[in-house]
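Throughout, read-outs are computed from the coordinates displayed, never taken from laboratory work. This structure is a prediction, so every number in the text was calculated from the model and none was measured. Note: ideal-geometry Cβ built from the backbone for every residue, glycine included; neighbour counts use all protein chains shown.
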Amino acid sequence: MRYVFAIILGLMLFSCSDKDSNKNNPIVPTDSNTTFSFDSLVIDKKVIFTDETAEITAYARGSNLKYKWKANPGIVFGEGTKVTYTLCHEVVSEIICTVSDDKGNSKTLKDTVTVKQKL
């Protein structure tokens, strides 16, 4: 029985590491939000009828992102990564989204929505 206890104690001491062993080489966690990227602007309906809405989503990564939306012409409702767009007359409208982060990175993407008159 003494031998079993000695073996277990030896394994425990041998397998345990000093908690300060990584003091000179600390493990730094990676933050996936530190790299800025504005990958795409996705519109759920590229053609809508007057007074209907299209949902638009901006896919971006980074830290402390800010979204600036604009429609030319038209109205953008909402803020952040997902907004809606509408207009009451026929037109091809440009949707513009600018995403920026707290490190000074910025990117603008544009797409269009065609608005048709209801029959």
Report task. For segment 58-77, name all the residues that are surrounded by 14 or more Cβ atoms within 10 Å (Cβ to Cβ), closer than 13 Å to Val113 by Cα and not hydrophobic (A, V, I, L, M, F, W, C). Result -> Gly74
Report summary line: Gly80: passes all of (1) under 17 Å from Asp39 (Cα atoms); (2) surrounded by 13 or more Cβ atoms within 10 Å (Cβ to Cβ) but (2)
Query raised in the report: What single numbered condition from (1) free of Cβ contacts under 8 Å to residues at least 12 places away in the same chain; (2) part of a strand (DSSP E or B); (3) hydrophobic (A, V, I, L, M, F, W, C) fails to hold for Leu119?
Result: (2)
Query raised in the report: Does segment 35-42 include one or more residues that are more than 19 Å from Asn105 (Cβ to Cβ) and either part of a strand (DSSP E or B) or in contact with a Leu (Cβ under 6 Å, 6 or more places away or on another chain) (or both)?
Result: yes
Query raised in the report: So which pairs qualify, if the first residue must be in segment 93-107 and assigned to a strand (DSSP E or B), the second must be of a type in the set (Phe, Trp, Tyr), the Cβ gap must be under 6 Å, and the two must be at least 6 apart or on different chains?
Result: Cys97/Trp69; Val99/Phe38; Val99/Tyr67; Lys107/Phe38
